[in-house]
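Participant: Sharing a structure, written as structure tokens. Questions coming.
The values are calculated or read from the model by the stated rules, or taken from the named source; none is laboratory data. Predicted model only: the values in this text are computed from it and were never measured. Here the Cβ positions follow ideal geometry from the backbone for every residue, glycine too, while neighbour counts run over all protein chains shown.
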Amino acid sequence: MRAPAGLCLLAIAALACLSLSTPALADEAAGERETASGAKEADLTAAIDREIAAVWKRDSITPAQPSGDAEFLRRVYLDTVGMPPSYDEAVEFLDSKDTGKRSALIDKLVADPRFGRHMANNWAVLLTPRAAQVLSGGTYFADWLARRITEGVSFDQVIREIITARGEMLDNPAVVPWFRDGEGERITDMMGKLTKSLMGVQIQCAECHDHPYDDDIPQSAFQGMTAFLTPTRAVVDNRSQPATATVSEDLTAVKRIFDAIKQYDKLRKDQQAQVDFYRPYVNPTTLDGTKAPTENPAVWRDRLAAWWLGKDNVQTRRYVANRLWFMAFGTAIVSPVDDFNPLNEASHPELLDALAGDLLAGEWDIRRVYRAILKSRTWQLSSENPPAKAEKWHFAAYPVRALAPEQFLTTLIGLMDPAKSKQLVDTALSGSFTAAKTEYQRRAAEQEKAGGKYYKFDIERLERFEKQFTAIDGRWWLTRYAAGRYVSLSSDDENTSADGFTLSIDQALAVMNGDFTNSLAGSGANTLLDRVLKRHKDPGERFDALYLTILSRKPTAAERQRWRAMIKDEKSPMPMVEDLIYALLMTTEFGTNH
């Protein structure tokens, strides 16, 4: 990225300070969709505002003003499809006089396939690490998850398919969470992952001893839950290239333990000690103390899923509702969002119960619950001038929060020329498969020449992977690929990656000088600069277009006045406009949701 020409970067950046349009009352339109019992979405929205307002009254909190249209517009796009509106979408919404436009836009965006991808970005990272490797399975799993959500599959069914996943990864992407770093997860680690990420209870703290701060989870509870997974085997076969990753039931180990228990009195003391260690892991017991029948270990996971998602297990629904609320606000009703325990009280327990109850009544339709949240007055409050005495959990103003890696990169890529982004996808994805094919052929030839047959280099299998990966939306794939790469720049000595872009100088430099930013602020053909200059001839229109395109709002009168003063004596507008693009991209307003 070249240095800004004709004007100090900081001076231009000052134009883009956070300045949102005048607040206006949120429209009252809400969904009329009903559950089988007759409950409407509008009823849930009303319950949200009622419960939140009750706590404001109790704590003498005066909430922020309702958001203005521009503030609402950018926020609703980011919180549904993971990216801001395009220039045309922004103009259409901001110019509309329709009093029901907010509700209508929420319905439209939640029905958009990008909503499924945004939800998948949020859920997939809980079960699979962000990874830059093409065949790691992370995006493969996320694409499966996005399609299930877009197709309207109930979320309890999605969870059930993950818990009971069987088969090979190429045929069933739901098995991907059962693997990590090229090998199958240990069943103890897998149970900790599942309960934390899909039920909000961290039983992994009781693996070696009783839970330190939850008396309801002794070590025996961890063992009883993990026992459901004892017959399960997640196996990677690296002799096949690409490697096969398969989840199945292997009853051999369970049978051996059962046989040893029957012969217990005949065993040596050291053998009895081993049996005593493994005995709890063949006695599957749910957290509420219900023992599963042991006559057929092959169906233990199915029994586990039935309890996990049963009508009597309100915990799972409370957690899913809490996670959805967290996605919309950045703060959960029970916080941390995935750690329900006696020390973490809900800030609004009646509200959490209402959200969880609607999940059950609405047949686990997360889109319905999310729409109800977004249509609430609470979610549509302004982020400006939050009440001084309010805590985050009061939800008395919308919180200003950094964009997630996928949101940030989706936003950047969305501003790029489609041809450029396609080129990047082709380079990253097609190039990887082409290189892999070449490498397989080379190694197969070397193996044959040496007379060995240890590895099976399966070109047909690799091409099946390629066909499935290339069917994924290219820009979304590029976003996830780049997010894995960018987040890895924050890895510490223990290889722990951050969730955002705020912890590393390397990350900041990658954003400021990376290909994505260069392709936007550069002066080449079909860059953002080139497209704006060609479409808008008037200097004022160009200025407005950049603000609408990058920040989803029109510039203020003060910003326009300063801009006119700055360009008054400039012979060529291009350097100034180029500097403005770069400055807007570097602002906090661009890098946050507010």
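Participant: Given the criteria outside any helix (DSSP H, G or I), of a type in the set (A, V, I, L, M) and within 29 Å of the chain's Cα centre (by Cα), does VAL175 qualify? Lay out the reasoning, then the answer.
Facilitator: Values: outside any helix (DSSP H, G or I): no; of a type in the set (A, V, I, L, M): yes; within 29 Å of the chain's Cα centre (by Cα): yes.
No, not satisfied.
Participant: Take the conditions among the aromatic types (Phe, Trp, Tyr), closer than 16 Å to ALA165 by Cα and either within 30 Å of the chain's Cα centre (by Cα) or surrounded by 17 or more Cβ atoms within 10 Å (Cβ to Cβ) (or both) and apply them to PHE228. Does it pass?
Facilitator: Working: among the aromatic types (Phe, Trp, Tyr): yes; closer than 16 Å to ALA165 by Cα: yes; either within 30 Å of the chain's Cα centre (by Cα) or surrounded by 17 or more Cβ atoms within 10 Å (Cβ to Cβ) (or both): yes.
In short, yes.
Participant: Separate question: Under 6 Å between Cβ atoms, which residue pairs at least 6 apart in sequence (or on different chains) link something in segment 466-494 that is within 17 Å of ALA142 (Cβ to Cβ) and β-branched (Val, Ile, Thr) with a partner that is modelled with pLDDT of 75 or more and surrounded by 18 or more Cβ atoms within 10 Å (Cβ to Cβ)?
Facilitator: Pairs found: ILE472/ASP143; THR479/GLU406; THR479/LEU409; THR479/THR410; THR479/ILE413; VAL487/ARG130; VAL487/PRO405.
Participant: Which of the helices (runs of 4 or more DSSP H) contained wholly in segment 273-361 include at least 1 residues that are hydrophobic (A, V, I, L, M, F, W, C) and within 23 Å of HIS394 (Cα to Cα)? Steps first, please.
Facilitator: Details: elements: 300-308, 314-329, 349-361.
Filter on segment 273-361 gives 314-329, 349-361.
Participant: Oh, and also: Within segment 146-193, how many residues turn out to be on the phi > 0 side of the Ramachandran plot and not acidic (Asp, Glu)?
Facilitator: Going through segment 146-193, the residues on the phi > 0 side of the Ramachandran plot turn out to be 152, 167, 181-182.
Checking the rest, the ones that are also not acidic (Asp, Glu) come to 152, 167, 182.
Residues meeting the conditions: 3.
Participant: Taking GLY524 as meeting all but one of (1) part of a helix (DSSP H, G or I); (2) of a type outside the set (Ser, Thr, Tyr); (3) at pLDDT below 85; (4) surrounded by fewer than 20 Cβ atoms within 10 Å (Cβ to Cβ), write down the number of the exception.
Facilitator: (1)
Participant: Ok, one more. Please find, within segment 433-488, the residue that is modelled with the lowest pLDDT out of those that are among the hydroxyl-bearing types (Ser, Thr, Tyr) and closer than 30 Å to GLY82 by Cα. Lay out the reasoning, then the answer.
Facilitator: Initial filter on segment 433-488 (among the hydroxyl-bearing types (Ser, Thr, Tyr)): 434, 438, 440, 454-455, 470, 479, 481, 486, 488.
Of the ones still in play, those that are also closer than 30 Å to GLY82 by Cα are 470, 479, 481, 486, 488.
On the way: THR470: 84, THR479: 86, TYR481: 82, TYR486: 74, SER488: 65.
Looking at residues that are among the hydroxyl-bearing types (Ser, Thr, Tyr) and closer than 30 Å to GLY82 by Cα, I get SER488.
Participant: What's the number of the condition LYS422 fails, among (1) over 30 Å from ARG317 (Cα atoms); (2) surrounded by 16 or more Cβ atoms within 10 Å (Cβ to Cβ); (3) under 27 Å from the mean Cα position of the chain (by Cα); (4) not polar (S, T, N, Q)?
Facilitator: Among (1) over 30 Å from ARG317 (Cα atoms); (2) surrounded by 16 or more Cβ atoms within 10 Å (Cβ to Cβ); (3) under 27 Å from the mean Cα position of the chain (by Cα); (4) not polar (S, T, N, Q), LYS422 violates only (2).
Participant: Is it true that ALA305 is closer than 25 Å to GLY116 by Cα and small (Gly, Ala, Ser)?
Facilitator: Working: closer than 25 Å to GLY116 by Cα: yes; small (Gly, Ala, Ser): yes.
Yes: the conditions hold for ALA305.
Participant: If we keep just the residues of segment 60-109 that are part of a loop (DSSP other than H, G, I, E, B) and farther than 20 Å from VAL400 by Cα, which is nearest to the chain's Cα centre (by Cα)? Quick ask: steps written out before the conclusion?
Facilitator: So in segment 60-109, the residues part of a loop (DSSP other than H, G, I, E, B) come out as 60-65, 67-68, 81-86, 96-100.
If we keep only those that are farther than 20 Å from VAL400 by Cα too, we end up with 60, 86, 96-100.
Values: SER60: 35, SER86: 22, SER96: 31, LYS97: 33, ASP98: 32, THR99: 31, GLY100: 29 Å.
By that ranking, first place goes to SER86.
Participant: To continue, here is another question. Out of all the residues in segment 248-285, which are of a type in the set (A, V, I, L, M) and more than 44 Å from the chain's Cα centre (by Cα)? Break it down stepwise before answering.
Facilitator: Initial filter on segment 248-285 (of a type in the set (A, V, I, L, M)): 251, 253-254, 257, 260-261, 267, 273, 275, 282.
Those that are of a type in the set (A, V, I, L, M) and more than 44 Å from the chain's Cα centre (by Cα): ALA260, ILE261, LEU267, ALA273.
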